[in-house]
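Worksheet: one structure, shown below.
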Amino acid sequence: MKKLKNKIILAPMAGVTNEPFRISLKNLGLEVSCTEMISVEGLSRRIKRTLELIEIKNEPPLIIPQLFGTNVESFLRSIEILIEKNFNIIDINLGCPAKKIIKKGAGVALMKNPELIKRIILEIKKRFDIKLTAKLRLGFDENSMNYLEIINILYNEGIDAITLHPRFGKQYYSGHANWYHIKVVKKKFPDLFLIGNGDIKTPEDVKNIYSYTNCDAVMIGRAFLENPFLVIQWKDFVITQTYKEFSIKDKIKYFKKLFYLFKKFYGEEKALKISIKHIIHLTKGLPGSAKFREKISKIKNCVEFFNEIGYWEQNGEQFT
Ligand SMILES: Cc1cc2nc3c(=O)[nH]c(=O)nc-3n(C[C@H](O)[C@H](O)[C@H](O)COP(=O)(O)O)c2cc1C
């Protein structure tokens, strides 16, 4: 796990951490990224759309595919495919709270089934010589906080690293991530490679979670949507204790490159659809962004889209 030490890892985000987005962040210095979660049922059956999720080109040096599911055999067949494709670290999803996932007993619902978790890890470790990590929450809900029990099982079965997102499944993303529990895990399992996650937004947050919890690496998700420059800022902050704030122009320059990546991978129509979400995140809180959002939600094609962006870039503050 040395490769991950002191690193910022891009969190798995379904529908977000696709190849173009990962490449855009690699171009800003990101070194480690997860894929979005991948169904073991789809992958083990080599479904085309699922296989596309593990296509990688020009990516950050280390990509960690994340698997979700409940069937041990499907996990094993999926891992065989991932090994064929030269992946050597694989993450297991024990944290997704989405209804369609928990309905099948996967994601955070697996935390209610410690025996099955044990079997999945044991069988994988028995069959394959790969690094295995798991990402979990505090428990399914407030009445079933069992992260220490699950981590104990994972640890005894030889898990190589754990990411803790310290919220309950039922919370989704409400409230706040309680880093205290990350600190507890590190105290109880000092030699476990622990990745802290949840509500990290700034270089100061990265510093604080490291010093408060003693975790070994950090994982960041949503903040990258608003501030893709976080990796650069963190690297500067480590050396100088300060960092540059990036301007609207910097963000738009980044965005244009991201748009062309989406277009290259998915074609113009889909690129436009995905890009609207990204530009809304990127411009959140900036002067004139509310009005800009309103206008952007009505555009019909790429010409209108880039006209709006250009106009706002020049006149943003007058929109307020
Ligand atoms: C849109 C979205 C999709 C997500 N998809 C996944 C996923 O596929 N697998 C996973 O383990 N976590 C998923 N998460 C949770 C994130 O990986 C992360 O744990 C959570 O957002 C907290 O970190 P953050 O505050 O840095 O965003 C998702 C989160 C969001 C917002």
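We did not get these values from a lab; they are worked out from the coordinates using the rules stated. Note that the structure is a prediction, hence the values are computed from the model and not measured. Note that each Cβ is placed from the backbone with ideal geometry, even for glycine, and that neighbours are counted across all protein chains shown.
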Using a Cα-Cα cut-off of under 19 Å, which aspartates and glutamates could be cross-linked to K100, ignoring same-chain neighbours fewer than 8 residues away?
E36, E41, D141
Arrange V16, V238, V185 by Cβ neighbour counts within 10 Å, fewest through most, would you?
V238, V16, V185
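Please compute the contact order of region 35-146 in relative form: average sequence separation of alpha-carbon pairs under 8 Å and at least six residues apart, divided by the residue count, as a percent.
Computed over region 35-146, the figure is 25 percent.
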Starting from the 7 Å offset along Cα-to-Cβ, what nm value, one decimal, do you get for the label separation of N146 and K104?
2.1
One computes Rg over Rh for the chain from alpha-carbon atoms, with the Kirkwood Rh, and obtains 0.98
Students often get this wrong, so check it: of K103/K125; K3/K131; K112/K170; K207/K256, which have C-alpha atoms separated by over 20 Å?
K103/K125; K207/K256
Identify which of I64, I81, I38 has the largest mean-square fluctuation in a Gaussian network model of the chain, with springs joining Cα atoms closer than 10 Å.
I81
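Please compute the length gained on full extension between Y172 and K257, using 0.36 nm multiplied by the number of residues separating them and subtracting their Cα-Cα distance.
Difference between extended and current length: 27.5 nm.
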Return the long-range amide H neighbours of F140 (sequence gap of 5 or more, or a different chain), with a cut-off of under 5 Å between placed amide H atoms.
N146, G169
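Roughly how compact is region 1-103, stated as its Cα Rg over 2.2 N^0.38 Å to two decimals? Working shown, then result.
Values: Rg = 13.4 Å, N = 103, 2.2 N^0.38 = 12.8 Å.
Working it through for region 1-103, the quotient is 1.04.
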Percent RCO, i.e. relative contact order, over the chain, from Cα pairs under 8 Å lying at least 6 residues apart:
14
Hey, how many Å between the Cα centroid of region 249-281 and the Cα centroid of region 10-70?
18
Filter on K57/K253; K7/K264; K57/K298; K7/K284; K48/K298 - keep pairs with C-alpha separation over 31 Å:
K57/K298; K48/K298
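Roughly what % of DSSP beta bridges within region 1-159 run antiparallel, to the nearest 5?
If we restrict to bridges inside region 1-159, about 5 percent are antiparallel.
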Just to confirm a number: summing +1 for Lys and Arg and -1 for Asp and Glu over residues other than H165 whose beta-carbon lies under 11 angstrom from that of H165, what do you get?
+2
What does the convex hull of the Cα atoms come to per residue for region 248-319, in Å³?
69
Please give the contour-minus-distance gain from E313 to I299: 0.36 nm per residue of separation, less the Cα-Cα distance, rounded to one decimal in nm.
3.4 nm
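Please arrange W179, W312 by how many other C-beta atoms lie within 10 Å of their C-beta, fewest to most.
W179, W312
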